[in-house]
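Asker: Quick one: the structure is below, and I'll ask about it shortly.
The values are calculated or read from the model by the stated rules, or taken from the named source; none is laboratory data. Small disclaimer: the values here were computed from a predicted structure and weren't measured. In this analysis, Cβ positions are derived from the backbone assuming ideal geometry, glycine residues included, and neighbour counts consider all displayed protein chains.
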Amino acid sequence: MSIIINPIITEKMSGITEKLNRYGFVVRTEANKIQIKNAVEKLYGVRVENVRTMKYIGKVKSRNTKNGINTGLVGRCKKAVVELAKGDTIDLYGNV
């Protein structure tokens, strides 16, 4: 199973990437920092200096339908911000 699900490509993350050489990824919830570091180094061929993680819990959402109110849970996820060594970069737009 792959640790990295997909990269985070937003305006805010692009600004952080340009200024601080940090990249964001959505990762599996059971992955730890060492596994994330090894996965990024193996997948992109770069040296990782630091890994920061954050967990997002699922939120309860509800909506009105003709059958009444439906409630459900939005899925939880885990994000990782990876700081690369000086001089290393990841080309996220290479296949576009």
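Asker: Report yes if Val46 is over 17 Å from Ile8 (Cα atoms) and touching a residue at least 40 places away in the same chain (Cβ under 8 Å), otherwise no.
Answerer: Taking the combined requirement at face value, the residue satisfies it.
Asker: State which residue is nearest to Val82 (Cα to Cα) when the search covers only segment 29-61 and only residues that are within 14 Å of the chain's Cα centre (by Cα) and crowded, with 17+ Cβ neighbours inside 10 Å.
Answerer: The qualifying residue nearest to Val82 (Cα to Cα) is Val51.
Asker: Wholly within segment 18-88, which strands (runs of 3 or more DSSP E) include no fewer than the required count, namely at least 2 residues that are polar (S, T, N, Q), farther than 16 Å from Ser2 by Cβ and out of contact with any Lys or Arg (no Cβ under 8 Å at 6 or more places or on another chain)?
Answerer: 60-65
Asker: Got a number for residues in segment 48-96 being at pLDDT 95 or above, of a type in the set (A, V, I, L, M, F, W, C) and touching a Gly at 6+ places or on another chain (Cβ under 8 Å)?
Answerer: Residues meeting the conditions: 3.
Asker: Here's a follow-up. Identify, please: which residue in segment 67-96 is in contact (Cβ under 8 Å) with a residue 40 or more places away in the chain and over 11 Å from the mean Cα position of the chain (by Cα) and is, among those, surrounded by the fewest Cβ atoms within 10 Å (Cβ to Cβ)?
Answerer: Going through the qualifying residues, I end up with Lys86.
Asker: Conditions first: (1) within 13 Å of the chain's Cα centre (by Cα); (2) without any contact (Cβ under 8 Å) to a residue 40 or more places away in the chain. Asn64 passes all but one, so which condition is the exception?
Answerer: (1)
Asker: Out of all the residues in segment 8-25, which are touching a residue at least 24 places away in the same chain (Cβ under 8 Å) and exposed (fewer than 15 other Cβ atoms within 10 Å of the Cβ)?
Answerer: Ile9, Leu20 - these are the residues of segment 8-25 that are touching a residue at least 24 places away in the same chain (Cβ under 8 Å) and exposed (fewer than 15 other Cβ atoms within 10 Å of the Cβ).
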